[in-house]
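Below is one structure, written out as structure tokens; the observations come after it.
The values are calculated or read from the model by the stated rules, or taken from the named source; none is laboratory data. This is a predicted model, so every value here is computed, not measured. Every residue, glycine among them, receives a Cβ derived from its backbone with ideal geometry; neighbour counts consider all protein chains shown. Areas reflect the complete protein model, heavy atoms only, side chains present, ligands, DNA and RNA absent. Shrake-Rupley method; radii C 1.70, N 1.55, O 1.52, S 1.80 Å.
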Amino acid sequence: MKNKVKEERQEAVEVICPKCRETRIVYFPKESMPICPVCKVEMIVKEVLTEGKYG
Ligand SMILES: [Zn+2]
């Protein structure tokens, strides 16, 4: 029996660079907020993609 299930809720989030509008998909909290490779600024959350369908 396995009662020790570690539930880590991951959320797919679309982030966008405020400068060049480059977008990217990251998974929180596994990944941290990415830095735009072009502008070297922290990207911002554009949209949360995860839908709460897991009950
Ligand atoms: Zn950028």
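Annotations for the structure displayed:
- If you go through segment 36-55 and keep only what is within 10 Å of the ligand (Cβ to nearest atom), among the aliphatic types (A, V, I, L, M) and open to solvent by less than 90 Å² (accessible area, probe 1.4 Å), you end up with 41, 43.
- Failed item, numbered, when residue 24 is tested on (1) outside any strand (DSSP E or B); (2) within 9 Å of the chain's Cα centre (by Cα); (3) within 11 Å of the ligand (Cβ to nearest atom): (1)
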